Structure formats: C-alpha cells, structure tokens
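**Q** The structure under discussion is supplied below as structure tokens; questions concerning it will follow.
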Amino acid sequence: MTAKNTDVRFHVRFDGRSYDLEPSQLGVAVDAADVDIHEALARHFDVARQTFRAYVVERHRNGSVTVRPEAVFG
C-alpha cells in the first residue's frame, strides 16, 4: 500500500517573491500538465496567461512542484 503525501505543494517564485501554495488553492493537481499549471497560476495571480509561459516546472521526488522563471546565465 502506498501512502499519499498530503504535504505536496507548489513552490512558486513570481515577481521577486516566493509562494507556497496548496493544490486546492490553484484548483490543479501537482501531476497536471505544465500548461495547466501555468494557466492556474495566471488565474491565481490575476495576470495574463502568457506570463508563466517561460516558467520552468520542476517536479520533486516528494511530490511537490517548483515553478520558477527560466534561469539565464551569461
């Protein structure tokens, strides 16, 4: 029997701030497609859908997800 991890979260870096959001706050599961997560975040932060288009969705072994801007190194 597999235990369900109830501590899964979306860790979001947006507009210079970090947010820890529960899936229920976004209305989307952590295993949703990246585009669905981007759209849910846009609704949550009340911004245009394109805002999160370039954001990276990283899935972690514990079930949580980090969503962050794409890193640019130069």
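We did not get these values from a lab; they are worked out from the coordinates using the rules stated. These numbers were taken from a predicted model, which means no experiment stands behind them. With ideal geometry, Cβ positions are generated from the backbone for all residues, glycine too; neighbour counts draw on all protein chains shown.
**Q** Run through every distinct alpha carbon pair of the chain and return the Kirkwood hydrodynamic radius in angstroms, one decimal place.
**A** On the way: mean 1/r = 0.0784 Å⁻¹.
Hydrodynamic radius (Kirkwood, Cα only) of the chain equals 12.8 Å.
**Q** Can you give the FRET efficiency to the nearest 0.05 for residue 45 and residue 7, using r as the Cβ-Cβ distance and R₀ = 22 Å? Walk me through the numbers before you get to the answer.
**A** On the way: r = 23 Å, r/R0 = 1.04.
Taking R0 as 22 Å, the efficiency between residue 45 and residue 7 is 0.45.
**Q** Just in the stretch 8-65: which trypsin sites (Lys or Arg not before Pro) are loop by DSSP and have at most 13 other Cβ atoms within 10 Å? Please report the intermediate quantities before stating the final value.
**A** Working: sites: 9, 13, 17, 43, 49, 53, 59, 61; in loops: 9, 53, 61.
Hits after loop and neighbour filter: 53, 61.
**Q** A further question on this structure: By the scheme Lys and Arg +1, Asp and Glu -1, what is the net charge of all other residues having a beta-carbon under 13 Å from that of residue 33? Don't jump to the answer; show the numbers that get you there.
**A** Working: positive: 59; negative: 31, 34, 36, 39.
Overall, the nearby charge balance is -3.
**Q** Same structure again: Give me the dipole magnitude in Debye, nearest 20, for the chain about the Cα centre, with unit charges on the beta carbon: positive for Lys and Arg, negative for Asp and Glu.
**A** About 100 debye.
**Q** Another question, if that's okay. What net charge do the residues around residue 49 carry, taking every other residue with its C-beta under 12 Å from that of residue 49, with Lys and Arg at +1 and Asp and Glu at -1? Don't skip to the end; give the middle numbers.
**A** On the way: positive: 43, 53; negative: 36, 39, 46.
Counting the neighbours of residue 49, the net charge comes to -1.
**Q** Now, a different point. Can you give the net charge of the other residues whose Cβ lies under 14 Å from the Cβ of residue 65, counting K and R as +1 and D and E as -1? Don't skip to the end; give the middle numbers.
**A** Details: positive: 9, 13, 59, 61, 68; negative: 7, 20, 22, 31, 34, 36, 58.
Combined, the nearby Lys, Arg, Asp and Glu give -2.
**Q** Relative contact order for the chain: what percent, with Cα pairs under 8 Å and sequence separation of 6 or more? Mind showing how you got there, number by number?
**A** Values: 99 pairs, mean separation 24.1, N = 74.
This gives 33 percent for the chain.
**Q** Rank 63, 16, 27 by mean-square fluctuation in a GNM of the chain with C-alpha springs under 10 angstrom and give only the top-ranked residue.
**A** Maximum among the listed residues: 16.
**Q** Related question: Report the full-extension gain for the segment residue 18 to residue 31: residue separation times 0.36 nm, less the Cα-Cα distance, to one decimal in nm. Write down the numbers at each step before the final one.
**A** On the way: separation 13, 0.36 × 13 = 4.68 nm, distance 2.06 nm.
Net length gain for the segment: 2.6 nm.
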